[in-house]
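I have placed the structure first, in the form of structure tokens, so that the comments after it can refer back to it.
Nothing in this text is a laboratory measurement; each read-out follows from the coordinates by a stated rule. These numbers come from a predicted model, not from an experiment. Cβ placement follows ideal geometry from the backbone for every residue including glycine, while neighbour counts extend to all protein chains displayed.
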Amino acid sequence: MLEGAFRSYFLSNDGVEHTISFAIEDWFISDFNSYINQTPASLFVEALEDSIIQQINYEDVENLCTKNPKFERFFRLAAQRSFAFSQRRVLSNLGKSAEERFLEFQKMYPTIVLRVPQYALASYLGMSAEFLSKIRKRVASKS
């Protein structure tokens, strides 16, 4: 994406939105499982701001990678970073408190915290927007 902010999310059977990822300038966002396996998407991708995007389909990526090893390396490194990030997120969700998850996210991505709606950030962090609001107030009062 060239400009803007996005999130990917899925809807649980009870209709609750669960934010999976965010993306801002120079990041990728997609339903990567669907993209790689060429199956119907299970995630929605939503623009959170007015945005300018670039889009490339699977066949074009495969052609680029076949014809030019630099593209193969670029997409491989992007996939590796994405996998490593996903693993860190799972470990954080399993091993850290809600406040620790918020503080870690805020430290790593301060601009995203300011740009995305609280409901989306709360969903990403695995809590309600009301609980995130309480955490933010508690953190602000410590400062």
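In straight Cα distance, which lysines are under 23 Å from Lys67, not counting same-chain residues fewer than 8 positions off?
none
Which lysines, on any chain, are close to Lys142 with Cα under 21 Å apart, when same-chain ones fewer than 8 places away are left out?
Lys96, Lys107, Lys134
As a footprinting exposure proxy, order Ser42, Ser143, Ser82 by other Cβ within 10 Å, with the fewest listed first.
Working: Ser42 11, Ser143 4, Ser82 15.
Listed from fewest to most nearby Cβ atoms, that is Ser143, Ser42, Ser82.
For the chain, just say rounded, prolate or oblate: build the C-alpha gyration tensor, square-root its eigenvalues into a ≥ b ≥ c, call rounded for a/c under 1.5, and beyond that prolate if a/b exceeds b/c, oblate if not. Walk me through the numbers on the way to the answer.
Working: a/c = 2.01, a/b = 1.85, b/c = 1.09.
Cα axes put the chain in the prolate bin.
I want to verify a result. In a Gaussian network model of the chain, Cα cutoff 10 Å, which of these has the top mean-square fluctuation: Asp26, Asp14, Asp50?
In this elastic network of the chain, the residue with the biggest mean-square fluctuation among Asp26, Asp14, Asp50 is Asp14.
Ile53 to Arg88: extension gain in nm, 0.36 nm per residue of separation minus the Cα-Cα distance?
Length gained between Ile53 and Arg88: 9.9 nm.
Search the structure for amide H atoms under 5 Å from the amide H of Ser21, placed 1.01 Å from N in the peptide plane, and list their residues when 5 or more places away or on another chain.
Ser8
Could you name the aspartates and glutamates in cross-link range of Lys70, using Cα to Cα under 14 Å and dropping any fewer than eight places away on the same chain?
Within the straight-line cut-off, Lys70 pairs with Glu62.
When the distances between all Cα atoms of the range 56-95 are binned every 10 Å from zero, what whole-number percent does each bin get?
29, 35, 21, 14, 1
Alpha carbon centre of the range 25-60 versus the range 72-143: separation in Å?
So the separation of the two Cα centres works out to 20 Å.
Apply the a/c threshold of 1.5 to the C-alpha gyration tensor of the range 1-55 and tell me whether it is rounded, prolate or oblate.
Oblate shape, in that a/c is at least 1.5 and b/c is the bigger or equal ratio.
How would the range 48-131 be classified by its alpha-carbon gyration tensor: rounded, prolate or oblate, with rounded meaning a/c under 1.5 and the a/b versus b/c comparison settling the rest? Could you put the intermediate results ahead of the total?
Numbers: a/c = 3.18, a/b = 1.87, b/c = 1.70.
Prolate shape, in that a/c is at least 1.5 and a/b is the bigger ratio.
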